[in-house]
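Visitor: Structure provided below as structure tokens; questions to follow.
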Amino acid sequence: MSWKRLKSAVVYDNPWITVFDEKVLNPNGGESQYGRVHFKSKAIAIVPLDEDGNTWLVGQNRYTTDEYSWEVPMGGSDAGEDPIDTAKRELKEETGLTAGKLEQIMRLHPSNSITDEEGFVFVATNLEQGETDFDDDEKLQVRKLSLVDAIEMVKRNEITDAISVAALLRVVTK
């Protein structure tokens, strides 16, 4: 037996997420209550790599954790937008980089116990530097460093964003 939804109610909704309070039958046949967060867009992450083994990280203070966070460039896809188009847009906005080649290397669910969020990770190569175009609500710091140094930041818990950690580790195990 798989999960069965008995009752669902929207408790919060905005342009990015919907939060549901749900009554379910679990796989053992017992009733449970679940809170589920539905994401209206897909998470798109990009690991830019140049010919010298360098990558770029984006730093910003995150409201939800009230901590400064180093992350790979990423953003949400607009409804119906192809993930590769989102990857191109977010890479340009956050780093100023344009990629001659984008390759999807990963699909993941960052926190599948409470949300249906789906993410895609791309590697960007054949890079050309241009100007950034941050969103109005973004105050970002862009940092170019070696991929080796970025992995060391993961090991020292200086990069804790789940998608960024998975993306960087996937690139070195590709």
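The values are calculated or read from the model by the stated rules, or taken from the named source; none is laboratory data. As the structure is a prediction and not an experimental result, all values here were calculated from the model. Neighbour counts are summed over all protein chains in view; Cβ atoms, including those assigned to glycine, are modelled from backbone coordinates with ideal geometry.
Visitor: How many residues does the range 4-59 contain that are farther than 30 Å from Gln104 by Cα, among the hydrophobic types (A, V, I, L, M, F, W, C) and under 25 Å from the mean Cα position of the chain (by Cα)?
Guide: Looking only at that region, the number is 3.
Visitor: Considering only the range 134-169, state which residues are in a helix (DSSP H, G or I) and either of a type in the set (D, E, K, R) or touching a Cys at 6+ places or on another chain (Cβ under 9 Å) (or both).
Guide: Asp149, Glu152, Lys155
Visitor: What single numbered condition from (1) at pLDDT 95 or above; (2) closer than 12 Å to Leu49 by Cα fails to hold for Val121?
Guide: (2)
Visitor: Step by step: first the residues of the range 104-127, then only those that are without any contact (Cβ under 8 Å) to a residue 24 or more places away in the chain and touching a Phe, Trp or Tyr at 6+ places or on another chain (Cβ under 8 Å), then the one that is nearest to Ala87 (Cα to Cα). Which residue is that?
Guide: This residue is Gln104.
Visitor: Within the range 130-163, count every residue that is among the polar types (S, T, N, Q), more than 24 Å from Arg107 (Cβ to Cβ) and surrounded by 12 or more Cβ atoms within 10 Å (Cβ to Cβ).
Guide: Count: 2.
Visitor: Could you grab me the full set of residues in the range 114-126 that are farther than 30 Å from Trp3 by Cα and surrounded by fewer than 20 Cβ atoms within 10 Å (Cβ to Cβ)?
Guide: Thr125, Asn126, listed by residue number.
Visitor: Scanning for something at pLDDT 95 or above and loosely packed, with under 13 Cβ neighbours inside 10 Å, does the range 84-98 turn up at least one residue?
Guide: No, the range 84-98 has no match at all.
Visitor: Another one. Evaluate the range 46-56: report whether one residue or more is of a type in the set (Gly, Ala, Ser), in contact with a Ser or Thr (Cβ under 8 Å, 6 or more places away or on another chain) and either modelled with pLDDT of 95 or more or within 19 Å of Gln141 (Cβ to Cβ) (or both).
Guide: Yes, some residue in the range 46-56 is of a type in the set (Gly, Ala, Ser), in contact with a Ser or Thr (Cβ under 8 Å, 6 or more places away or on another chain) and either modelled with pLDDT of 95 or more or within 19 Å of Gln141 (Cβ to Cβ) (or both).
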